[in-house]
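The values are calculated or read from the model by the stated rules, or taken from the named source; none is laboratory data. Just so it is clear, the model here is predicted, and its values are computed rather than measured. Here the Cβ positions follow ideal geometry from the backbone for every residue, glycine too, while neighbour counts run over all protein chains shown.
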Amino acid sequence: MELSYNDLRKKEVVNTLDGKKLGRVCDLVFCYPENRILGFVVPGSRAFGLKREEYFIDLKNIVKIGEDVILVNVGFRGQRPAQKNVSAPPEQRRSFDEYE
């Protein structure tokens, strides 16, 4: 299945653990040299008019991508909001010397 970002951002993201709507995909995170998509970012929920927190959804947590919805299986209790500078875990990083 091939999806463009425009198609992906139109789909509603729903957590299968609690049935909550997390919003629509607002950003993609990928690793440049390896050309791998690591996951996507959803806006999350707004609490009492406070600033909305964004959450990173790893690709391994995607259960199903349907016509108009993306089902994910995540628990946000212990998870931290997405950060601007998301990188691969240290054991997956490659040295820049390999590219020269």
Exactly one of L22, L71, L28 is modelled with pLDDT under 90, outside any loop (DSSP other than H, G, I, E, B) and touching a strand residue (DSSP E or B) at 6+ places or on another chain (Cβ under 7 Å), and that one is L22
Failed condition for L38, given (1) at pLDDT 90 or above; (2) more than 21 Å from G75 (Cα to Cα): (2)
